[in-house]
Amino acid sequence: LLQGPGARRAMQAASMEEGRAPLSERPAEQIELDERVSRLRKLLLAIIVVDFLAVPWFLLTPFSLNISSWAEKQVAHWSLGGSIADWLLFAWTRDALVVIFLFLRTGNSEDNARRARRTIVAVLILGISRISFLDWDDFSITGFFVPTTIWACIAGLATSAVSQLLFLANSKQRAVEESAMANGSSEASADTESTQYSSALSFMQTLKVLKPYFWPSTGKSTEVLMNRIRASTTWICVALSKVANIISPIYLARATNALSAALKTTSDPQEITAAMSWPIVQYASLIFLSKALKEAQSLVYIKVQQAAYIEIADTTFA
């Protein structure tokens with residue numbers, strides 16, 4: 001409201017590009033929510049940038065900012081309890097994903113904020129688990145952990161809090177916009193209809209459509225849990241089936257080599273030894289296991305397909 005005409009025209013153009021009503025036709029509550037979302041997004045981005053720069057600094061601080069010394073003691077001799085060098089990878093991955101979600105143009109801002117929040121919370125839980133594996137009884141290396149651990153806790157809690165506020169603001173913003181569109185002009189309704197029935201789907205929209213097939217979310221809590229376990233079991237069955245199918249020829253080759261070696265020693269009939277028979281048994285078992293897992297995958301996935309069909313039908317015809 002206190003911005004200049006140039007900034008106001010830019011905000012109005014951005015609003016029209018995003019399919020919302022022009023800024024001059026939108027209520028004050030929507031404008032206030034837009035400004036709040038913008039401030040929270042900038043705050044979260046600032047925290048992410050600071051974290052991106054601060055993590056390596058805190059990792060190198062116990063080594064007097066000497067990269068060679070840090071690499072020798074923390075990277076070359078990495079261990080689960082004696083090194084925290086891997087936190088750099090976790091933190092930078094989180095920061096990169098959050099920045100991508102903040103500037104992602106596909107989907108709506110509420111979904112992007114939800115993805116950013118989930119990423120931050122997942123890395124925070126991973127960080128807490130990682131800290132529990134450190135060897136805090138060895139005082140000779142404890143000093144390497146303390147600066148990074150303190151900063152990781154501060155950054156994790158700060159990003160979690162801001163991402164939660166951003167998600168809530170985006171949710172409220174979307175609810176207000178939907179209410180305004182329901183009572184708005186026919187032009188807004190036409191835009192909504194054209195967007196709803198658009199034949200072009202982005203990559204993220206395609207994943208959202210296919211989501212029920214690998215992560216169901218419709219039904220009672222117990223049904224959802226069981227369907228998600230079935231979906232995860234399906235991937236396990238597929239992976240184990242492929243592994244068994246790939247390594248089975250190795251045992252057939254061992255049986256062939258054992259038989260060939262026996263024939264080279266003498267041409268007389270010989271008894272079948274364990275070196276010949278056991279690899280064949282292993283080969284046959286792996287082939288059977290591969291086929292059985294493939295069939296089990298089909299059986300387990302039936303319930304997931306049914307739930308996915310219902311969920312997609314509800315979404316399509318709701």
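The values are calculated or read from the model by the stated rules, or taken from the named source; none is laboratory data. Because the structure is predicted, anything quoted here is derived from the model rather than measured. Using ideal geometry, Cβ is built from the backbone for each residue, glycine included, and neighbour counts are taken over all protein chains shown. Please note that ligands, DNA and RNA were not included when accessible areas were found on the heavy atoms of the full protein model with its side chains. Shrake-Rupley method; radii C 1.70, N 1.55, O 1.52, S 1.80 Å.
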Per-region count, segment 153-172, residues open to solvent by 20 Å² or more (accessible area, probe 1.4 Å) and closer than 18 Å to Asn108 by Cβ: 6
Within the bounds of segment 226-236, is there any residue that is open to solvent by 80 Å² or more (accessible area, probe 1.4 Å), under 20 Å from the mean Cα position of the chain (by Cα), under 14 Å from Leu289 (Cβ atoms) and not charged (D, E, K, R)? yes
How many residues does segment 83-105 hold that are out of contact with any Phe, Trp or Tyr (no Cβ under 7 Å at 6 or more places or on another chain) and open to solvent by 40 Å² or more (accessible area, probe 1.4 Å)? 10
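Quick grid of which residues meet (1) part of a helix (DSSP H, G or I); (2) modelled with pLDDT of 80 or more; (3) under 30 Å from Arg114 (Cα atoms):
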residue	(1), (2), (3)
Ser198	no, no, yes
Tyr213	yes, yes, yes
Asn227	yes, yes, yes
Ser260	yes, yes, no
Set Leu40, Leu80, Leu45: member being out of contact with any Ser or Thr (no Cβ under 6 Å at 6 or more places or on another chain), open to solvent by 70 Å² or more (accessible area, probe 1.4 Å) and either assigned to a loop (DSSP other than H, G, I, E, B) or at pLDDT 85 or above (or both): Leu80
Evaluation of Leu89 against (1) more than 16 Å from Arg118 (Cα to Cα); (2) modelled with pLDDT under 85; (3) within 18 Å of the chain's Cα centre (by Cα) (one fails), failing number: (2)
